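The values are calculated or read from the model by the stated rules, or taken from the named source; none is laboratory data. All of these numbers come straight from a predicted model, not from anything done at the bench. Backbone-built Cβ (ideal geometry, glycine too); neighbour counts: all protein chains shown. With ligands, DNA and RNA removed, areas are computed over all heavy atoms of the protein, side chains included. Shrake-Rupley method; radii C 1.70, N 1.55, O 1.52, S 1.80 Å.
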Amino acid sequence: MSIRRIFAVAKRIIRQFIHDRRTVALIVIVPLLVLSILGALLKTTPSYEVGFVNQDEGVTTPLSTQKISSAIEESLKDTENLKWHKINLEKAKSDLEDGTLDAYVLLGKSFSKDISERKSPLVIVKLEGSDPNASQQVLGLVNQNLLSSFSDQKLVDLKVDYLYGGEKFTSLDYFAPVFIAFFAFFFVIMLTSVSFLRERSQGTFERLFASPVNNAEIVGGYFLGFSIFALIQSLIVLLYTIYVLDVHFLGSLWFVFLIELILVVGAVNLGIFLSAFARNELQVVQFLPVIIVPQALISGFIFPIKSMPVILQWLSYAMPLTYANNALRDIMIKGKDLASVSFDIYILIAFAFLMILLAAFSIRKGI
Amino acid sequence: MENIIEVEGLNKKFPPDIHALSELTLQVKKGITFGLLGPNGSGKTTLIRILVGILKPDSGKVAIIDDSLSWSEKAAKIGYMTQTHALYQDLTLAENLDFFAAIYGLSAREKRKRIEELISLVKLEGKEKSPVATLSGGMRQRVSLAASLIHEPQLLFLDEPTVGIDPSLRREFWAYFGSLNRQGVSIVLSTHVMDEAARCDELALLRNGKLLAQGKIEELLAQTRSKNLEEAFLSLEENG
Ligand SMILES: Nc1ncnc2c1ncn2[C@@H]1O[C@H](COP(=O)(O)OP(=O)(O)OP(=O)(O)O)[C@@H](O)[C@H]1O
Ligand SMILES: [Mg+2]
């Protein structure tokens, strides 16, 4: 093993990168663009129109008739994302049908009576429902809004507190950490497999394999060369998310880099392995969706793993990005240290080793 | 050892059923230019790839340079110019040479000196900073030769080195090969051009992976009672 030859290979990779300005631009600009779009999407939540139908007949005591719902109705507040319309049931039904309303809330006739008798009152939320995603959001907003009016009226005692994050945390904060891993993983696999394929097709491997350089030195050089770019990419993405997109970041940058380095070892070797099964650049690029899309969907990147069907959960545990995502979120959002994500790190190391083995067996294929 | 290469009973098959080399036996003496002459598909490249250690033979013995050396020590003494250019198209001429020099462990100063010497040998002064992709075919061939000479190998394998090279430069290359021989460097080159083969000190005539004959040109001519190599080759083909 010669460090000198590893450096020679790494230097060559870096030079090839520098000559290829388009790729350099690509690996920096694409993540920033995607993050900016995502940031804009997550920051603007749409506004919903919700009807409020109060059929409460109140409770009659010998002295007076009391409507608990009136106080709630008074304390309903319009927010940025939710506008209340106090209407009767007929109007609510027709408005929901013609799309003027996204939902309505109905308080039943015995609302006050039930509360005074300590039974749970009937509250119906009727949703337009054609877009499940919107339904979820409306329901969430209505819940939140009603709950806070209930609590204003001292009907419930509601305290909100955050273990991690806080009111200021946005969805973007949740997504930013995993983007860093995702892009590094994606670009490193793509670039390694294409460069390796070129080595095979332009015959430079033929020359290298007749020289004193060995497989480990070639792989080492590739890893070194590509990790430099992966780290630069991450640094730019991190700085951009922190300073431009105002993402909250609690953890250590070094921990993030360490996790990424382990992931890049795996990615370089996976790229080498893939390149052995492709005859041209188009074929190798065709592998990428197969590797990338499932990981984007079920590694907890966008959808929480806990809410997935069991089979997909199992699959997600077979994916390296699942562990990288988990570790990066713990570090960046929860500010945890390496010891508390050691399980994820071990799995990533195991993945890297497995890929090194696969690469070692396939590196001279077709030579 | 007087011979720098000894090959005995070499066999190599490719799927489905191509006998690229069969029962090949030959010896190459130290310090000469040894030619592998044969038509397309006769096994020249396959033989060279086995000799440089890229390909494993199915059976047979190969002894090269000095058997007491390790594989990587031998590799450090071998230069290999592949049949295709085998250069990094996106790197410049100088960067390509710099990379191969570094792979062979040349120091920074040796690198600079060697790169300068070789660029002037292949007459590409002023093209140092050109990406290889922008060079002409013949120029790339010259860079490819330079890259295989970068570490001053003792044993040089050249797979059709002068294809696409203009006549005057070709003459200079042959003169350079001669001067390398005088410095003790052994050269094995493949060709299917008769007048180039005629410049070699010794020849092996190959056909369908079999050795038709091996020896000095005069010996081959005498053996077949021919006036020139072409005749000799044809007569060997008929009898073989
Ligand atoms: N990697 C390979 N896989 C399958 N067959 C191969 C492979 N390499 C060579 N062959 C076959 O082996 C035979 C010898 O090929 P080789 O390249 O050694 O010929 P050559 O003498 O160098 O020819 P040329 O003058 O065209 O360069 C040919 O029939 C070729 O098709
Ligand atoms: Mg050939």
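Which one is nearest to residue A:199 (Cα to Cα), of the residues in the range B:97-139 that are hydroxyl-bearing (Ser, Thr, Tyr) and in a helix (DSSP H, G or I)?
As a first pass, look at the range B:97-139 and keep what is hydroxyl-bearing (Ser, Thr, Tyr): B:104, B:107, B:120, B:130, B:134, B:136.
Checking the rest, the ones that are also in a helix (DSSP H, G or I) come to B:120, B:134.
Values: B:120: 27, B:134: 18 Å.
It comes out as B:134.
Please go through the range B:49-79 and pick out each residue that is within 9 Å of chain A (Cβ to nearest Cβ) and within 16 Å of ligand 2 (Cβ to nearest atom).
B:49, B:52, B:54, B:55 - these are the residues of the range B:49-79 that are within 9 Å of chain A (Cβ to nearest Cβ) and within 16 Å of ligand 2 (Cβ to nearest atom).
State which residue is least open to solvent (accessible area, probe 1.4 Å) when the search covers only the range B:25-41 and only residues that are within 15 Å of ligand 2 (Cβ to nearest atom) and out of contact with any Ser or Thr (no Cβ under 9 Å at 6 or more places or on another chain).
Filtering the range B:25-41 for residues within 15 Å of ligand 2 (Cβ to nearest atom) gives B:35-41.
Restricting the remaining residues to those that are out of contact with any Ser or Thr (no Cβ under 9 Å at 6 or more places or on another chain) gives B:39-41.
Values: B:39: 45, B:40: 129, B:41: 72 Å².
Step by step, filter the range B:25-41, then rank; the result is B:39.
For the subset of the range B:70-91 comprising residues that are closer than 17 Å to residue A:9 by Cα and in contact with a helix residue (DSSP H, G or I) (Cβ under 7 Å, 6 or more places away or on another chain), which member is surrounded by the fewest Cβ atoms within 10 Å (Cβ to Cβ)?
Top of the filtered list is B:89.
Checking residue A:213 against (1) within 17 Å of residue B:91 (Cβ to Cβ); (2) among the aliphatic types (A, V, I, L, M); (3) surrounded by fewer than 21 Cβ atoms within 10 Å (Cβ to Cβ), which single condition isn't satisfied?
(3)
For a quick check of your reading: which strands (runs of 3 or more DSSP E) sit entirely within the range B:150-235 and have at least 2 residues that are over 26 Å from residue B:84 (Cβ atoms)?
Numbers: elements: B:155-159, B:186-191, B:202-207, B:210-215.
Where strands (runs of 3 or more DSSP E) fall fully within the range B:150-235 and carry at least 2 residues being over 26 Å from residue B:84 (Cβ atoms), they are B:210-215.
Out of the range B:18-61, which residues are within 10 Å of ligand 1 (Cβ to nearest atom), assigned to a loop (DSSP other than H, G, I, E, B) and of a type outside the set (A, V, I, L, M, F, W, C)?
If the condition is that a residue be within 10 Å of ligand 1 (Cβ to nearest atom), assigned to a loop (DSSP other than H, G, I, E, B) and of a type outside the set (A, V, I, L, M, F, W, C), then B:38, B:39, B:40, B:41, B:42, B:43 are the ones that fit.
Filtering the range B:181-203 down to residues that are within 14 Å of ligand 2 (Cβ to nearest atom) and open to solvent by less than 60 Å² (accessible area, probe 1.4 Å), which residue is nearest to residue B:229 (Cα to Cα)? Spell out how you get there, then give the answer.
Within the range B:181-203, the subset within 14 Å of ligand 2 (Cβ to nearest atom) is B:188-193.
Filter once more, so that each one left must be open to solvent by less than 60 Å² (accessible area, probe 1.4 Å): B:188-191, B:193.
On the way: B:188: 18, B:189: 17, B:190: 15, B:191: 13, B:193: 10 Å.
Ranking the candidates gives B:193 first.
When you scan the range A:294-320, how many residues do you find that are in a helix (DSSP H, G or I) and either within 13 Å of the chain's Cα centre (by Cα) or within 15 Å of residue A:188 (Cα to Cα) (or both)?
Taking the range A:294-320 and keeping what is in a helix (DSSP H, G or I), we get A:294-298, A:305-307, A:310-316, A:320.
Cutting the leftovers down to either within 13 Å of the chain's Cα centre (by Cα) or within 15 Å of residue A:188 (Cα to Cα) (or both) gives us A:295-298, A:305, A:320.
Of the residues in that region, 6 qualify.
Determine, yes or no, whether residue A:15 is under 24 Å from residue A:188 (Cβ atoms), surrounded by fewer than 18 Cβ atoms within 10 Å (Cβ to Cβ), within 40 Å of the chain's Cα centre (by Cα) and within 14 Å of chain B (Cβ to nearest Cβ). Walk me through how you get there before you give the answer.
On the way: under 24 Å from residue A:188 (Cβ atoms): yes; surrounded by fewer than 18 Cβ atoms within 10 Å (Cβ to Cβ): no; within 40 Å of the chain's Cα centre (by Cα): yes; within 14 Å of chain B (Cβ to nearest Cβ): yes.
Here the answer is no, as residue A:15 does not meet what is asked.
Spot the failing condition for residue A:53; the list is (1) surrounded by 13 or more Cβ atoms within 10 Å (Cβ to Cβ); (2) assigned to a helix (DSSP H, G or I); (3) β-branched (Val, Ile, Thr), and only one is missed.
Going through the list (1) surrounded by 13 or more Cβ atoms within 10 Å (Cβ to Cβ); (2) assigned to a helix (DSSP H, G or I); (3) β-branched (Val, Ile, Thr), residue A:53 breaks only (2).
So, residue B:157, is that one touching a residue at least 60 places away in the same chain (Cβ under 8 Å), surrounded by fewer than 22 Cβ atoms within 10 Å (Cβ to Cβ), within 28 Å of residue B:26 (Cα to Cα) and of a type outside the set (Asp, Glu) or not?
no
Restricting to the range A:106-140, count the residues that are in contact with a helix residue (DSSP H, G or I) (Cβ under 7 Å, 6 or more places away or on another chain) and at positive phi.
Matching residues across the range A:106-140 total 1.
Name the strands (runs of 3 or more DSSP E) wholly within the range A:81-152 that hold at least 3 residues that are open to solvent by 30 Å² or more (accessible area, probe 1.4 Å)? Reasoning before the result, please.
Values: elements: A:82-86, A:103-107, A:123-127.
Once the strands (runs of 3 or more DSSP E) in the range A:81-152 are filtered for at least 3 residues that are open to solvent by 30 Å² or more (accessible area, probe 1.4 Å), what remains is A:82-86, A:123-127.
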